[in-house]
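**Q** Got a structure for you, questions after.
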Amino acid sequence: RKEVEQDPGPFNVPEGATVAFNCTYSNSASQSFFWYRQDCRKEPKLLMSVYSSGNEDGRFTAQLNRASQYISLLIRDSKLSDSATYLCVVTLGSARQLTFGSGTQLTVLP
Amino acid sequence: GAVVSQHPSRVICKSGTSVKIECRSLDFQATTMFWYRQFPKQSLMLMATSNEGSKATYEQGVEKDKFLINHASLTLSTLTVTSAHPEDSSFYICSARGGGRGDTQYFGPGTRLTVL
């Protein structure tokens, strides 16, 4: 079983749509949780951290459910520029290494 | 955010040659650097963790004699792919952490290696 699992997609949505991504992680000792965004042939960039209380950054809302070991990302009013692969990431261990999910591909269509 | 550079951004080499990739933290001292590899349509896989001045810790399945990592200073780590073969063709990305910036890892732009 993968440590971090995501639906690979692709998700093709029209501009203005709301889209939700889900992620599950296998190790209950995971410490920190993030969503990263990766554009084609580029490095991943931190989108936002994820907290149990839920957090929002503009059109993006992230949620963590530790009991279910489940992380979500909601994108409202999607823009063409949101097209990318979204990576669910957790940290584990004393070195707090990042473990990446395989990513969910999003394409926002005009 | 912090800036991490990688050089070269792209390299094409013949099978059997060695390739060195540099990772530099430009505006902070990176006590820890990480090297990742990403194959097409797959996620980033951690190859090794290196702390300045000590030997790198390699992930299971990564050959330490093939992927040589040196972290001789707080701003520079190098990854050398020795005797590269076509199956080593991949996107290699480094990240850096430290300099009072907590646990945040800052990623370099990546190096695309193609071995013919």
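Computed from the coordinates by the stated procedures, all read-outs in this text should not be read as laboratory data. Since this is a predicted model, take the numbers as computed values, not measurements. Every residue, glycine as well, gets a Cβ built from its backbone with ideal geometry; the counts of neighbours run over all protein chains shown.
**Q** Defining a contact as two alpha carbons under 8 Å apart and six or more residues distant in sequence, what relative contact order in percent does segment B:49-116 show?
**A** Numbers: 90 pairs, mean separation 16.1, N = 68.
With pairs under 8 Å counted, the relative contact order is 24 percent.
**Q** Please compute the net charge surrounding B:T75, taking Lys and Arg as +1 and Asp and Glu as -1 over other residues with Cβ under 11 Å from its Cβ. Write down the numbers at each step before the final one.
**A** Details: positive: B:R24; negative: B:E22, B:D27, B:E52.
Surrounding charge for B:T75 is -2.
**Q** Starting from segment A:1-80, pick out the chymotrypsin sites (Phe, Trp or Tyr not before Pro) whose DSSP state is loop and whose Cβ has at most 15 other Cβ atoms within 10 Å.
**A** Of the chymotrypsin sites (Phe, Trp or Tyr not before Pro), the ones in loops of segment A:1-80 whose Cβ has at most 15 other Cβ atoms within 10 Å are A:Y51.
**Q** Still on this structure: Assign unit charges at the C-beta atoms only (+1 for Lys and Arg, -1 for Asp and Glu), then state the dipole size of segment B:41-116 relative to its Cα centre in Debye, rounded to the nearest 20.
**A** 180 debye
**Q** A further question on this structure: Assign one of three labels to segment A:29-70, namely rounded, prolate or oblate, based on the Cα gyration tensor with a ≥ b ≥ c the square roots of its eigenvalues; rounded applies when a/c is under 1.5, prolate when it is not and a/b is larger than b/c, and oblate otherwise.
**A** It comes out oblate by the Cα gyration axes.
**Q** I would also like to ask the following. With +1 on each Lys and Arg Cβ and -1 on each Asp and Glu Cβ, and nothing else charged, work out how big the dipole of chain A is about its Cα centre, in Debye to the nearest 20.
**A** That gives a dipole near 220 debye.
**Q** Something else about it: What are the ³J(HN,Hα) couplings of segment A:84-91, residue after residue, when phi is run through the Karplus curve with 6.51, -1.76, 1.60 and θ = phi - 60°? Round to Hz, x for glycine and proline.
**A** 4, 9, 9, 10, 8, 9, 10, 10
**Q** I need the phi-derived Karplus couplings for segment A:23-37: 6.51 cos²θ - 1.76 cosθ + 1.60, θ = phi - 60°, integer Hz, Gly and Pro marked x.
**A** With coefficients 6.51, -1.76 and 1.60, one gets 8, 10, 10, 8, 9, 5, 8, 4, 9, 10, 9, 9, 10, 10, 10 Hz.
**Q** Among A:C23, A:C40, A:C88, which one shows the biggest mean-square fluctuation in a GNM of chain A, springs joining Cα atoms closer than 10 Å?
**A** Judging by the Gaussian network model, the answer is A:C40.
**Q** Assuming R0 = 35 Å, can you tell me the calculated FRET efficiency for the pair B:E87 and A:S32, based on Cβ-Cβ distance, to the nearest 0.05?
**A** So, using R0 = 35 Å, E works out to roughly 0.60.
**Q** Further, regarding this structure: Over the alpha carbons of segment A:11-110, what is the largest minus smallest coordinate on each principal axis, giving the biggest first in Å?
**A** 44, 30, 20
**Q** I would also like to ask the following. Quick one: the Cα spread of the protein assembly as shown along its three principal axes, in angstroms, biggest first?
**A** Principal extents (Cα only, largest first): 49, 36, 36 Å.
**Q** Using θ = phi - 60° and the Karplus relation 6.51 cos²θ - 1.76 cosθ + 1.60, list the HN-Hα couplings for segment B:89-101 in order, rounded to whole Hz, with x at every Gly or Pro.
**A** So the Karplus estimates, Gly and Pro as x, are 4, 5, 9, 9, 10, 10, 9, 10, 9, x, x, x, 9 Hz.
**Q** Tell me, for the protein assembly as shown, which Cys residues have no other cysteine's C-beta sitting closer than 4.7 Å.
**A** Among the cysteines of the protein assembly as shown, those whose Cβ sits 4.7 Å or more from every other are A:C40, B:C13.
**Q** Still on this model: Taking the square root of 5 times each eigenvalue of the Cα gyration tensor, what semi-axes in Å does the equivalent ellipsoid of chain B have, largest first?
**A** Here the semi-axes work out to 23, 14, 13 Å.
**Q** Round to a whole angstrom and tell me the spacing of the C-alpha centers of segment B:1-34 and segment A:29-64.
**A** Segment B:1-34 and segment A:29-64 have Cα centres separated by 25 Å.
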